[in-house]
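S.K.: Quick one: the structure is below, questions incoming.
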Amino acid sequence: MSTEKCDEKKGCQSCETSEKCSQEEKDAHEQKMLDEKMAYVKHKFMVVSGKGGVGKSTVAVNLAVTLAKEGYDVGLMDADIHGPNIPKMLGLEDERPGATKEGLLPITTIHGLKVISIAFFLQSKDDAVIWRGPLKHSLIIQFLGEVCWGDLDYLIIDLPPGTGDEALSVAHLLKSIDGAVIVTTPQDVALLDSRKAVTFTRQLKIPLVGIVENMSGFNCPHCNKSIDLFKKGGGEKAARDMLIPFLGRIPIDPEIVVSGDSGKPLVAIPGHEEAKNAFTEISKSWRKLLEEKSKVGDKKSAQVT
Ligand code: ADP
């Protein structure tokens, strides 16, 4: 790659003189900007799932808010370009990010969580983003390299379901990733896809932080009996079979749907202790694993060929 020769703070896509640069120079400039911004982020995580609808974004949002409420500096990057739900789940749908010479300003929630999503840039909530891989790659470069994240303890990257372009781009662009958290539901059809997500992250040499089993059992409010709507324990068994840490299970709670739809994450509203405790426990096991990993220096670089 050619030597970086540009001092512009902005990315090549928004630079008026970028036509004077070769593609190699542009790539080098954008990677340098990205590396500079990411140098202020202590830990970077991807939240992934094998299929949609298992609660990946719900888990990403509630874990991010849990960490922010505990006093950590947290960023949440919505890398789900075709289905960006994070702003809706945080009540930020009408927000529009500002910009300074240093880059784009993420939206900050009342808990101090910094958020970026393509949804902030769409004219209408019904607009569909119909993009191929290279455009998605450019957007991810902008989100990582042109957003003023500042000093962060955690950057949580919510990826779209499956094993597609966005995950490859993130793995390719970040020099190091602390790991991937896999969200699954307990039934066999979801677990089948989760195993593919595990294989995918292993092939990219991204460490696996662990598996979260979401929608795991439901306590009937009428008879108080526990009903295993989508079975129970499948995520834990899959974690054991694949030698991955099991981070915990989150029960089905209809309030999670209501809170997500109304833009107030469950962990930020009163009541619903069982589900809330589940998020707190998962965030604890996640941080404990992280501490153990950093003791043994297990922060591998992602590799994409
Ligand atoms: P994904 O990101 O995997 O596509 P979402 O996070 O968008 O999934 O969740 C899909 C739907 O399931 C949302 O309506 C969300 O509120 C709901 N949901 C997620 N987890 C739970 C849960 N534990 N209990 C009840 N509903 C849930």
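Just so it is clear, none of the values below were taken in a lab; they were calculated from the coordinates. The shown structure was predicted, so the numbers you read here are calculated from the model rather than taken from an experiment. FYI the Cβ positions are ideal-geometry reconstructions off the backbone, even for glycines, and counts take in every protein chain you see.
S.K.: Can you sort I107, I182, I256, I116 by how many other beta carbons sit within 10 Å, fewest first?
M.R.: Fewest-to-most Cβ neighbours within 10 Å comes out as I107, I256, I116, I182.
S.K.: Listing T185, T163, T280 from the residue with the fewest other Cβ atoms within 10 Å to the one with the most, what is the order?
M.R.: Least crowded to most crowded, the residues run T280, T163, T185.
S.K.: Further, regarding this structure: Which net charge results for the neighbourhood of F246, defined as the other residues with beta-carbon distances under 10 angstrom from its beta-carbon, given Lys and Arg at +1 and Asp and Glu at -1?
M.R.: It works out to a net charge of +1.
S.K.: Something else now. For the range 22-292, just the Cα atoms, rotate onto the principal axes and tell me the three extents in Å, largest first.
M.R.: Answer, in whole Å and largest first: 65, 38, 37 Å.
S.K.: Let me check against my output: what whole-number percent is the relative contact order of the range 1-95, with C-alpha pairs under 8 Å and at least 6 apart?
M.R.: 19 percent
S.K.: Now for a separate question. Where nothing but the Cβ of Lys and Arg (+1) and of Asp and Glu (-1) is charged, how large is the charge dipole of the chain around its Cα centre, in debye to the nearest 20?
M.R.: Dipole of the chain, to the nearest 20 debye: 860 debye.
S.K.: Return the distance in nm (one decimal) between the two label points of a simple spin-label model at S124 and K20, each offset 7 Å from Cα along Cα→Cβ.
M.R.: 4.1 nm
S.K.: Percent relative contact order of the chain, based on C-alpha pairs within less than 8 angstrom and at least six residues apart?
M.R.: Computed over the chain, the figure is 22 percent.
S.K.: Same structure again: Given the DSSP H assignment, sum -39500 (n - 2.57) over each helix run of at least 4 residues in the chain and divide by its residue total; what's the result at 222 nm in deg cm²/dmol, nearest 500?
M.R.: Calculated from helices alone, the mean residue ellipticity at 222 nm is -11500 deg cm²/dmol.
S.K.: Could you pull out every residue, at least 5 positions away or on a different chain, whose amide H is within less than 5 Å of the one on M46? Hs are placed 1.01 Å off N in the peptide plane, and Pro or chain starts have none.
M.R.: Sorted by chain and number, the residues that satisfy this are I157, G179, A180, V181.
S.K.: Sticking with this one: Within the range 27-71, list the GluC sites (Glu not before Pro) lying in a DSSP loop whose Cβ has at most 14 other Cβ atoms in a 10 Å radius.
M.R.: Here the sparse-neighbourhood loop sites are E70.
S.K.: Could you line up F200, F121 from fewest to most neighbouring Cβ atoms inside 10 Å?
M.R.: F121, F200
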